[in-house]
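S.K.: One structure is given below, represented as structure tokens, and several questions about it will come after.
The values are calculated or read from the model by the stated rules, or taken from the named source; none is laboratory data. Since the structure is predicted, the reported quantities are computational estimates derived from the model, not experimental observations. Cβ atoms come from the backbone with ideal geometry, glycine included; neighbour counts cover every protein chain shown.
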Amino acid sequence: MEEEINRRLTILNKHKAPVITQRSLRGGMQERLYRQESIRYGKKIKSKTKKLKNKLTLIEQAKIVSSPDSFNTLSASSIEPLDNFEEPVFRRIRSKRGFFNE
């Protein structure tokens, strides 16, 4: 499970949210939609990495606590299993300025 979490973290670290520039701030409705989508995409990446890092720390704590003389209730079986992994997808807005030139 730890290997799978590390694999997912490396995939998420490859994804970067687009930077919001002055041009996208002064634009019209399409730039506003693009800006909203880039913010959503960035939040998805941050939330998924945060959840995975929390699970990784729980696993590490369970390994430390799993010594036989410890009476702590945290164990590897108490950690919930991983859900299906979906990579965050950045939707492209077709009518965005310069879409067909890129």
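S.K.: Tally the residues that are loosely packed, with under 13 Cβ neighbours inside 10 Å and either modelled with pLDDT of 60 or more or at positive phi (or both), restricting the search to the range 69-86.
M.R.: 6
S.K.: Also, I was wondering about something else. Show the residue pairs that are 6+ apart or on different chains and have beta-carbon atoms under 6 Å apart, the first residue being within the range 26-51 and without any contact (Cβ under 8 Å) to a residue 60 or more places away in the chain and within 26 Å of N6 (Cβ to Cβ), the second being polar (S, T, N, Q) and outside any helix (DSSP H, G or I).
M.R.: Matching pairs, first to second residue: none at all.
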